[in-house]
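Below you'll find the structure, written out as structure tokens, and then a few comments.
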Amino acid sequence: MDIRVPPPAAHSSSPLPALRVQRFAASAAPPAPLGQIDYAQAGLRVLAGDGVDAWCAGDSLREGRQGLLQWRDDGHWLFGSIDLPEQGRSLAALAEAAYAEVFSCLAAHGRPLVRTWNYLPRIHDDCAGLERYRQFNAGRQAAFIAAGVDNLAGAPAACCLGTADGGLSLRFLAGHCRVQPLENPRQVPAWRYSRRWGPKSPTFSRAVLMDAGGGRTGLLISGTASIVGEESQHEGDVQAQTAETLDNLRAVLAAARAAKAGLALDLDALELTVYLRRPADLPQVRALLQAAAPAAAARALWLQADICRRELLVEIEAHALA
Ligand code: 3EB
């Protein structure tokens, strides 16, 4: 482990710095945030908006490496990344290895996982009779269980998107205390999906609420799509899928408001990332988003990616630090 000065103050004694995330064009991104996601570098095509999300909090950063994993820690928050080449391994083995590194890093730092971003190449291809996304799910879940996570209901918020090539790219944010996971009453919790969606369910919560420091509350909403119960809705109809996705986002926001008295967030308060399977759908989806949440639509980042079920054309993730 390669530790840079200065060592952190014990995190119980220093005040919790406010977590913030800012969007930049790749050329303008700050050199040393807690961590950043350069979407183009992760293999996604930026359709509109600035393509780097920089997560920042305190300035006293330590950083280090553990195998192929890199992390930065400000004493309260930790942001990490790991990029694993496939080298002939199955996606299940790859996901399990990547998440084992993540959990070993988090155990060393005593930090709980808050949010993960997962990017994997050729997500729909078949490998030994199982779609690669489903293989990924099997490996991810196995790593959670191996790490001693006995209740998948506490899983982090997440997204999982397909890229054209490259290896498995994982980005993650860990916090200073346990977060409050949220579910969407319109949807079956993903960790309880039936075996129709794969032998092992995906390991994520629909959203998490947390203390974001500086007196603020953080709401991180997972990738959200046109799913009701556990069924994909409106196959082939991008406009209806967008409307259903917005209804799901509203339902998660209602769950967040119910969980946290005084939280007054609506769609327009969210920072949105919109993933489109087909770039040509951008104008239609943008028009619907502008009608539902004009201010949020104006700030949104638009990316092209494969969404983890073939029939899904649009997925939206969001965060707000209120
Ligand atoms: C869904 O709701 C759509 O596997 O980490 C959304 C967010 C989706 C996260 C993941 C998958 C993931 O099932 C897909």
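The values are calculated or read from the model by the stated rules, or taken from the named source; none is laboratory data. Source: prediction; values computed, not measured. Backbone-built Cβ (ideal geometry, glycine too); neighbour counts: all protein chains shown. Ligands, DNA and RNA are stripped out before the accessible areas are found, and what is left, the full protein with its side chains, is counted by its heavy atoms. Shrake-Rupley method; radii C 1.70, N 1.55, O 1.52, S 1.80 Å.
Six or more apart or on different chains, Cβ atoms under 8 Å: show the pairs whose first residue is in the range 240-254 and basic (Lys, Arg) and whose second is open to solvent by 10 Å² or more (accessible area, probe 1.4 Å) and in a helix (DSSP H, G or I).
Pairs that qualify, where the first residue is basic (Lys, Arg) and the partner is open to solvent by 10 Å² or more (accessible area, probe 1.4 Å) and in a helix (DSSP H, G or I), are 250/267.
Tell me, yes or no, whether the range 257-278 has at least one residue that is farther than 17 Å from residue 183 by Cβ, open to solvent by 10 Å² or more (accessible area, probe 1.4 Å), within 16 Å of the ligand (Cβ to nearest atom) and modelled with pLDDT of 95 or more.
Yes; the residues of the range 257-278 include at least one that is farther than 17 Å from residue 183 by Cβ, open to solvent by 10 Å² or more (accessible area, probe 1.4 Å), within 16 Å of the ligand (Cβ to nearest atom) and modelled with pLDDT of 95 or more.
Could you run through the range 223-241 and say how many residues are near the ligand (Cβ under 9 Å from one of its atoms) and among the acidic types (Asp, Glu)?
Result for the range 223-241: 1.
Could you list, in sequence order, all residues of the range 279-322 that are assigned to a loop (DSSP other than H, G, I, E, B), within 14 Å of the ligand (Cβ to nearest atom) and among the small types (Gly, Ala, Ser)? Can you show your working first?
Step one: list which residues in the range 279-322 are assigned to a loop (DSSP other than H, G, I, E, B), which gives 293, 300, 305, 308-313, 322.
Imposing the further condition that a residue be within 14 Å of the ligand (Cβ to nearest atom) reduces the set to 305, 308-313.
Result: 305, single match.
If you go through the range 65-74 one residue at a time, do you hit one that is modelled with pLDDT under 95, of a type in the set (Lys, Arg), open to solvent by 20 Å² or more (accessible area, probe 1.4 Å) and farther than 29 Å from residue 300 by Cβ?
Checked the range 65-74: no residue is modelled with pLDDT under 95, of a type in the set (Lys, Arg), open to solvent by 20 Å² or more (accessible area, probe 1.4 Å) and farther than 29 Å from residue 300 by Cβ.
From (1) open to solvent by 50 Å² or more (accessible area, probe 1.4 Å); (2) within 13 Å of the ligand (Cβ to nearest atom); (3) under 22 Å from residue 115 (Cβ atoms), pick out the condition that doesn't hold for residue 250.
Checking residue 250 against (1) open to solvent by 50 Å² or more (accessible area, probe 1.4 Å); (2) within 13 Å of the ligand (Cβ to nearest atom); (3) under 22 Å from residue 115 (Cβ atoms), the one that fails is (2).
Counting just the residues of the range 194-210 that are open to solvent by 30 Å² or more (accessible area, probe 1.4 Å) and in contact with a Ser or Thr (Cβ under 9 Å, 6 or more places away or on another chain), which one comes out farthest from the ligand (Cβ to nearest atom)? Please lay out each step first, then the result.
The initial filter retains those residues of the range 194-210 that are open to solvent by 30 Å² or more (accessible area, probe 1.4 Å), namely 194-197, 199-200.
Checking which are in contact with a Ser or Thr (Cβ under 9 Å, 6 or more places away or on another chain) leaves us with 194-195.
Values: 194: 12, 195: 14 Å.
Only one residue tops the list, namely 195.
Have a look at 175, 162 and point out the one that is over 26 Å from residue 43 (Cα atoms) and open to solvent by less than 10 Å² (accessible area, probe 1.4 Å). Full working, then the answer.
Working: 162 fails: over 26 Å from residue 43 (Cα atoms).
175 is the lone residue from the list that is over 26 Å from residue 43 (Cα atoms) and open to solvent by less than 10 Å² (accessible area, probe 1.4 Å).
Can you find, within the range 178-193, the residue that is nearest to residue 309 (Cα to Cα) among those that are open to solvent by 20 Å² or more (accessible area, probe 1.4 Å) and away from the ligand (no atom under 12 Å from the Cβ)?
Once the filter is applied, the top-ranked residue is 185.
Do you know which of the residues in the range 123-141 that are away from the ligand (no atom under 12 Å from the Cβ) and part of a loop (DSSP other than H, G, I, E, B) is least open to solvent (accessible area, probe 1.4 Å)?
Of everything passing the filter in the range 123-141, 124 is least open to solvent (accessible area, probe 1.4 Å).
Somewhere in the range 211-222, is a residue surrounded by fewer than 17 Cβ atoms within 10 Å (Cβ to Cβ) and over 17 Å from residue 114 (Cβ atoms)?
Scanning the range 211-222 turns up at least one residue that is surrounded by fewer than 17 Cβ atoms within 10 Å (Cβ to Cβ) and over 17 Å from residue 114 (Cβ atoms).
Can you report the number of residues in the range 98-122 which are in a loop (DSSP other than H, G, I, E, B) and within 29 Å of residue 310 (Cβ to Cβ)?
Pass one, the range 98-122, residues in a loop (DSSP other than H, G, I, E, B): 110-112, 122.
Then drop every residue that is not within 29 Å of residue 310 (Cβ to Cβ), which leaves 122.
Total meeting the criteria: 1.
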